[in-house]
Amino acid sequence: MKGIGLSLLASLAVVAVCGSRASAQNLLANPGFEDPTTFTQDGPPFVGSWEAFNGSANSFSIDDTVSPRTGTRDAHLSINASNNDFAGFFQDVAGLVPGDQYTYSGFHQSANLNPNDYVTEARIEWRNSVSNTEVSRNQILPIAGSAYSAFSETVPVPAGADTARVVYAIQTFSDTGTTNTGVVFLDDFSLTKVVPEPSSLALAALGGLALVRRRR
């Protein structure tokens, strides 16, 4: 039994070392908006590309070169003096497992002098691909400043969902501002699965060895 315990500990330690070398895979296509051909308003499918949307002629959602954080391109959202308006984009990531945790993050920057004139929303709409329905959603309302800053949320996949619809949007539904104007630039988005830290794996190894010793 002693040999088994030491073997178990060694195996888990190797896993911990390997885990420290690995980085979580970004599941989003075109995360830096460098490919304008995958930023469209042409309808489904929504896997593998960004689908842009806007509410009126006074708003838009485009891929351009005005203010990138990295690379040469960015996503650009705008609402110009228009109440009850919106602009944004989304992408579906399929094949997820309920209970697994994912982190949705990105960087945004606003050209607005008064960010209270619009609302910014970053959300995940959890969907079931078989019934093509939304199960639930998680959202945050981060405020974009004059320089690029990060936003992030980490949430589990709910029961009944297998697809994450990653959304970023601005809107003026609340009509709390004075101009109903919003201009936001986005770059470097990601959706990654949360994996155990190497320290957690090391603790698991020690726990496994303790169980083996108890059985002896």
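Values computed for the structure shown
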quantity: ALA94-SER149 FRET efficiency (beta carbon distance; Förster radius 35 Å; 0.05 resolution); calculated: 0.75
quantity: Where labels lie 7 Å past Cα in the beta-carbon direction, separation of ASN84 and THR103 in nm; calculated: 4.1 nm
quantity: In range of the label at SER56: residues from region 111-139 whose backbone nitrogen is under 17 Å from the point 7 Å along Cα→Cβ; calculated: 117-119
quantity: Label-point gap, in nm, between GLU197 and ASP64 - each point 7 angstrom along Cα→Cβ; calculated: 4.2 nm
quantity: Local electrostatic count at THR154 - Lys and Arg +1, Asp and Glu -1, tallied over other residues with Cβ under 12 Å; calculated: -1
quantity: Relative contact order of region 25-194, defined on C-alpha pairs under 8 angstrom at six or more residues apart (%); calculated: 32 percent
quantity: Cα→Cβ-extended label distance, 7 Å offset, between GLU34 and GLU121, nm; calculated: 3.2 nm
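Where a number appears in this text, it was derived from the coordinates with a stated rule and is not lab data. Predicted model, so just to flag it, every value in this text is computed and none were measured. Please note: Cβ atoms are built from the backbone with ideal geometry, for glycine as well, and neighbour counts cover all protein chains shown.
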